2 protein chains.
Amino acid sequence: MSGIIYLDSISAMPPRPEAIAAMQPFLTESWGNPMAPHAAGDRPKAAVEHARGQVAALVGADPNEVIFTASGSEANNLAIKGIGGAGAGRGRRHLIVSAVEHPSILSSCRALEPHGFTTAVLPVDSTGRIDPARVQSALTGSTALVSIQAASGEIGTLQAIAEIGAITRRAGVPLHVDAVAASGRVPIDVAAMQIDALSCSSNQLGGPPGVGALVVRRGIRVEPLIHGGTQEHSRRAGLENVPGIVGMGLAAELVRSEVRALRSRLDPLTARLRDGLHSKLENWKPTGHPTERLPGHLSLVVQFVEGEALVMALSRDGVAAAAGVTCRERTAWRASPSLLALGLEQSLAQGAVVFGLWRGNTPEEIDRAVVLIAKNVTHLRALSPIYSERT
Amino acid sequence: MSGIIYLDSISAMPPRPEAIAAMQPFLTESWGNPMAPHAAGDRPKAAVEHARGQVAALVGADPNEVIFTASGSEANNLAIKGIGGAGAGRGRRHLIVSAVEHPSILSSCRALEPHGFTTAVLPVDSTGRIDPARVQSALTGSTALVSIQAASGEIGTLQAIAEIGAITRRAGVPLHVDAVAASGRVPIDVAAMQIDALSCSSNQLGGPPGVGALVVRRGIRVEPLIHGGTQEHSRRAGLENVPGIVGMGLAAELVRSEVRALRSRLDPLTARLRDGLHSKLENWKPTGHPTERLPGHLSLVVQFVEGEALVMALSRDGVAAAAGVTCRERTAWRASPSLLALGLEQSLAQGAVVFGLWRGNTPEEIDRAVVLIAKNVTHLRALSPIYSERT
């Protein structure tokens with residue numbers, strides 16, 4: 001994306017050239033059906049299994065526990081409907097989630113409600129953290145699934161997953177963790193954290209779009225979302241996206257070796273952005289937790305400015321950022337449920353902007369972005385009748 | 001796939017180099033999120049919309065009627081569960097399908113049965129054809145959806161979709177057509193055939209795997225299978241597989257201009273294969289309809305031979321074919337429900353082999369394949385105690 005200062009890695013991570021290169025043989029040459037009982041299926045089948053191992057290794061799982069999907073959203077749907085929904089067979093129709101989950105989690109829960117399910121939506125504190133004790137007290141004898149994100153792509157806050165995992169494991173209730181924003185950015189180990197199911201996305205690891213995975217601990221029952229053939233051990237039917245899976249696998253392997261060093265690379269850049277804004281701009285504040293947050297993530301609300309307008313103005317100046325969760329229509333912006341859950345007023349929540357730095361950003365880009373953000377906020381405020389009245 | 005005589009285009013179509021080339025900019029450069037409200041999303045968004053038009057044009061639909069999925073199987077699931085399942089809201093819980101549908105159709109119906117749905121599975125004649133009058137008589141006041149394939153990938157038989165469409169449209173019941181095997185091989189027009197929803201697969205058009213589409217007529221309600229963001233007009237959430245969608249779009253455009261000429265290219269090759277086998281081999285017969293069938297498709301049952309064993313033996317000699325539907329585990333082969341529906345005995349049905357020719361095959365390849373098929377059948381029969389007893 002030449003010429004753009006790209007600070008929107010939460011919406012889409014720039015793909016790693018190695019991952020894209022690894023896909024090519026499976027687009028041009030080894031394009032057979034992995035289930036074909038002849039030689040054309042051999043290499044694609046082996047490649048899918050190799051990628052399964054690479055994704056499993058990233059999160060400390062067994063390769064057989066990886067179910068490839070087409071996106072993180074599909075993985076989240078499969079977790080809620082396929083694991084949570086399967087609770088109905090044992091008379092369990094209660095779900096526990098947090099107020100800051102991704103729309104694919106919250107709307108999957110709503111999709112189960114006509115089938116007799118109820119959802120407990122746990123509140124968060126002003127930093128976006130869920131108190132693990134609240135998970136404990138929300139558990140009932142009919143809880144089918146607890147689903148808590150590892151980190152919010154919108155406010156950056158990391159959750160105390162290991163503490164929550166200890167509670168759910170003790171209660172014998174499966175814990176699903178939406179790690180779409182977190183995986184590749186912070187270390188995650190499903191065994192150590194007592195996670196029963198985990199969603200991740202190829203794109204967020206630096207692989208191609210069109211692939212994701214749900215990692216499900218052995219022994220946890222998953223009802224398929226897509227029925228048909230016996231692909232993915234009959235847990236997700238359909239011709240495998242072999243090139244995409246190969247790209248995701250390699251991206252997982254690459255980020256695994258780098259994830260511990262990522263914070264030391266991105267923290268100074270993120271501080272530079274935050275400090276630069278503090279020095280050049282008034283009437284804004286960061287959202288989410290001050291320290292327990294994703295590396296490279298700076299989310300904020302800017303008073304007297306609409307986030308969407310600021311993001312569009314920045315785009316004209318060559319800076320890419322997000323105005324909250326990108327999984328919405330360009331024109332249908334409303335105040336985000338996650339930000340309202342932090343206790344922010346509607347007017348402030350509408351001024352939300354998210355910067356997602358990535359390993360390719362430079363100090364020079366950050367300095368330039370600070371100048372352009374300050375310029376555009378000043379310009380937009382000059383047009384705002386509310387701001388004029390106030391000053 | 002150099003060195004292989006590839007006669008398994010039903011399992012996986014060799015991708016078109018033009019489609020693979022068209023994907024590249026969206027893997028390496030224009031990888032932004034199409035929903036991002038900044039410049040990085042502009043080109044991906046425009047490319048998805050362009051591809052939507054290309055897919056729509058292939059089947060005579062409006063671009064807004066195209067919902068991209070990750071596979072033909074997902075499209076079939078979305079049709080049955082999302083359109084059929086939505087019938088529950090109007091008290092309609094009756095589905096009509098045929099006995100020769102793909103596993104993704106039949107198992108999606110079964111998935112709705114615990115929710116009060118019943119499925120009428122229409123029989124076929126010995127050529128695999130559904131009598132449209134049977135659709136008429138199966139319709140009830142509570143029929144939510146009729147789903148009949150355009151053609152079987154397993155037995156090649158084409159169905160009288162336009163006749164069925166006239167019946168379902170008159171009855172005001174939506175008709176879904178699984179056109180995964182048919183689209184790109186025979187002309188299809190959703191308006192002329194009165195089809196309300198149609199599934200197709202990128203791979204079968206010569207595009208990359210990991211993409212499919214459900215084309216849904218305006219006004220037909222679809223409940224999403226994957227909830228979350230507002231992608232695909234809120235009918236299918238998740239980050240779009242932009243490169244895959246672009247590849248599917250170009251493949252659709254290419255096959256659209258060639259589909260009418262395909263039969264004249266493939267019919268002589270298919271006849272050459274059939275006639276060659278007739279001259280060199282005894283105790284086999286073609287399955288499916290003799291004339292109303294997919295171009296390039298020859299399906300057969302070979303007596304005293306297991307289809308799976310023959311396909312594996314052929315693979316060792318460099319010929320790729322299928323032993324029925326490929327969407328099953330390599331080791332879990334059972335007699336196919338479709339073949340049993342034709343009235344074939346179990347023992348014959350186990351000898352099923354499917355040859356799916358494609359535009360790249362040559363007469364020389366066919367002649368060589370005939371020799372190798374005859375050789376391997378002879379060899380396998382020599383090992384068969386049943387065949388020895390009989391002769």
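The values are calculated or read from the model by the stated rules, or taken from the named source; none is laboratory data. Everything numeric in this text was worked out from a predicted model, so none of it was measured. Counting neighbours? That spans all protein chains shown, and the Cβs are built from the backbone with ideal geometry, glycine included.
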Kindly provide the set of residues from region B:39-55 that are within 9 Å of another protein chain (Cβ to nearest Cβ) and either within 22 Å of B:Ser183 (Cα to Cα) or touching a helix residue (DSSP H, G or I) at 6+ places or on another chain (Cβ under 6 Å) (or both), ordered by number. B:Ala39, B:Pro44
Leading residue by the ranking (farthest from the chain's Cα centre (by Cα)) among those in region A:7-24 that are touching a residue at least 60 places away in the same chain (Cβ under 8 Å) and in a helix (DSSP H, G or I): A:Gln24
From A:Ala79, A:Ala75, A:Ala86, residue being part of a helix (DSSP H, G or I), surrounded by 24 or more Cβ atoms within 10 Å (Cβ to Cβ) and more than 11 Å from chain B (Cβ to nearest Cβ): A:Ala79
Looking only at region A:98-118, and only at residues there that are within 16 Å of the chain's Cα centre (by Cα) and more than 17 Å from A:Gly72 (Cα to Cα), the one that is surrounded by the most Cβ atoms within 10 Å (Cβ to Cβ): A:Ser98
Would you check which residues across region A:177-200 are closer than 29 Å to A:Ala335 by Cα, free of Cβ contacts under 8 Å to residues at least 40 places away in the same chain and surrounded by fewer than 24 Cβ atoms within 10 Å (Cβ to Cβ) and list them? none
Could you grab the pairs with beta carbons closer than 6 Å, sequence gap of 6+ or different chains, first residue in region B:291-303 and on the phi > 0 side of the Ramachandran plot, second one modelled with pLDDT of 95 or more? B:Gly296/B:Leu266; B:Gly296/B:Thr270; B:Gly296/B:Leu357
Is it the case that A:Glu18 is touching a helix residue (DSSP H, G or I) at 6+ places or on another chain (Cβ under 7 Å) and either of a type in the set (Asp, Glu) or surrounded by 24 or more Cβ atoms within 10 Å (Cβ to Cβ) (or both)? yes
Could you pull out every one of the strands (runs of 3 or more DSSP E) wholly within region B:133-245 that has 3 or more residues that are out of contact with any Gly (no Cβ under 8 Å at 6 or more places or on another chain) and either of a type in the set (Gly, Ala, Ser) or not assigned by TED's automatic domain parsing to the domain that holds B:Pro286 (or both)? B:212-216
Looking only at residues that are of a type in the set (Val, Ile, Thr) and surrounded by fewer than 18 Cβ atoms within 10 Å (Cβ to Cβ) in region B:119-150, which one is nearest to B:Leu344 (Cα to Cα)? B:Thr127
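Only residues that are surrounded by 24 or more Cβ atoms within 10 Å (Cβ to Cβ) and touching a Ser or Thr at 6+ places or on another chain (Cβ under 8 Å): list them for region B:160-176, please.
Result: B:Pro174, B:Leu175, B:His176.
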Cβ pairs under 6 Å, 6+ apart or interchain, first in region A:59-88 and touching a residue at least 40 places away in the same chain (Cβ under 8 Å), second among the acidic types (Asp, Glu) and assigned to a helix (DSSP H, G or I), ordered by first then second residue, are A:Ile67/A:Glu232
Considering only region A:103-113, I want to know if a residue exists there that is more than 30 Å from A:Leu269 (Cβ to Cβ), more than 9 Å from chain B (Cβ to nearest Cβ) and acidic (Asp, Glu). yes
Matching residues, region B:273-300, being of a type in the set (D, E, K, R) and surrounded by fewer than 18 Cβ atoms within 10 Å (Cβ to Cβ): B:Arg274, B:Asp275, B:Lys280, B:Glu282, B:Lys285, B:Glu292
Look at B:Arg93 and say whether it is touching a Phe, Trp or Tyr at 6+ places or on another chain (Cβ under 6 Å) and surrounded by fewer than 24 Cβ atoms within 10 Å (Cβ to Cβ). yes
Considering each residue of region A:314-352, count those that are modelled with pLDDT of 90 or more and within 11 Å of chain B (Cβ to nearest Cβ), and give that number. 10
Residue hits (region A:335-349; assigned to a loop (DSSP other than H, G, I, E, B) and surrounded by 15 or more Cβ atoms within 10 Å (Cβ to Cβ)) are A:Ala335, A:Ser336, A:Leu342, A:Leu344
In region B:213-229, which residue that is buried (at least 24 other Cβ atoms within 10 Å of the Cβ) and more than 8 Å from chain A (Cβ to nearest Cβ) is farthest from A:Ser71 (Cα to Cα)? B:Val216
Subset of region B:60-72 (residues that are within 14 Å of chain A (Cβ to nearest Cβ) and of a type in the set (Gly, Ala, Ser)): B:Ala70, B:Ser71, B:Gly72
Looking only at residues that are more than 9 Å from chain B (Cβ to nearest Cβ) and among the charged types (D, E, K, R) in region A:1-29, which one is farthest from A:Ser299 (Cα to Cα)? A:Glu18
Would you be able to say whether some residue in region B:30-38 is facing chain A (nearest Cβ under 9 Å), assigned to a helix (DSSP H, G or I) and surrounded by fewer than 24 Cβ atoms within 10 Å (Cβ to Cβ)? no
Take A:Glu232 and tell me if it is more than 17 Å from the chain's Cα centre (by Cα), within 14 Å of chain B (Cβ to nearest Cβ), at positive phi and acidic (Asp, Glu). yes
